[in-house]
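Trainee: This structure is in structure tokens; I'll ask about it shortly.
All of the numbers you see were taken from the coordinates with simple rules; none came from a lab. None of the values given here were measured: they were computed from a predicted structure. So basically every Cβ, Gly included, is an ideal-geometry build from the backbone, and we count neighbours across all protein chains shown.
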Amino acid sequence: MTYDAAPPHGDDDPLARAPGLSAPRIVWFVHRFYGRVREDDLLGPVFLARLGTDWQPHLDRLVSFWTLIALGRGSYDGRPLEVHRSVAAGHPLTAEHFRRWLDLFSQTADELGSPAAARFLTGRAARMAETFGTALQIAPPRSRRALEPDEQARVSARQEAPATGAPDAVTGGDGEPSHPESRRT
Ligand code: HEM
């Protein structure tokens with residue numbers, strides 16, 4: 001299956017966290033984004049070292065991850081922070097890796113053609129980047145494009161305050177997405 005420049009049309013999902021998000025559009029988004037990551041001179045080698053050339057299992061996991069974040073359902077049950085600890089142990093990750101990752105992510109999110117969807121996705125990614133950065137002791141990654149003005153103010157305020165581990169509604173404050181099941185309790 002090829003993923004071209006235009007995202008598929010898709011009825012908005014009733015559970016979508018923002019207009020313009022639906023299962024086929026998440027699949028398109030993840031494949032298009034990681035197509036860029038794979039080609040990127042800074043990020044590509046980190047993924048190649050880790051995943052080799054068979055990206056399908058990774059793409060499937062990322063589709064299930066972003067489906068959980070964007071639509072509140074799906075089978076994702078991983079621990080992203082632990083995964084990135086392990087990635088960083090094999091290949092030091094810097095703020096530049098995160099910045100590049102976020103910039104490619106925002107660029108792809110914009111192509112969804114829904115500002116609300118793009119804002120939602122980039123906001124979640126930026127918060128996770130911040131959590132990962134704190135946990136992995138990387139200077140906080142900043143992609144200003146990925147942060148909304150209110151989020152920028154929040155981040156700046158946090159930078160001035162002592163580090164507290166960046167509690168986060170999506171990641172549960174530890175870089176792990178809280179599953180909707182656990183949020184109900
Ligand atoms: C904040 C931004 C990021 C987010 C939200 C994110 C999210 C994720 C998620 C959800 C996974 C799948 C975890 C699992 O298998 O359960 C993953 C895997 C991975 N990420 Fe990230 N990531 C981010 C930044 C980065 C950066 C900057 C790099 C390094 C260049 C990176 C490298 C990887 C690699 C290599 C894997 C595959 C690990 C494996 O399965 O062996 N990520 N990422």
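Trainee: Can you put Glu96, Glu111, Glu39, Glu130 in order of Cβ neighbours within 10 angstrom, beginning with the fewest? Kindly include the intermediate steps, with their values, before the conclusion.
Mentor: On the way: Glu96 13, Glu111 16, Glu39 10, Glu130 24.
Fewest to most other Cβ atoms nearby, the residues stand as Glu39, Glu96, Glu111, Glu130.
Trainee: State the extension gain, in nm to one decimal, for the chain segment bounded by Ala116 and Ala5, taking 0.36 nm per residue of separation less the distance between their alpha-carbons.
Mentor: Numbers: separation 111, 0.36 × 111 = 39.96 nm, distance 1.91 nm.
Length gained, Ala116 through Ala5: 38.0 nm.
Trainee: What three numbers, in Å, describe the spread of the alpha carbons of region 70-131 along their principal axes, ordered from the longest?
Mentor: On the principal axes, region 70-131 reaches 37, 29, 16 Å in Cα extent.
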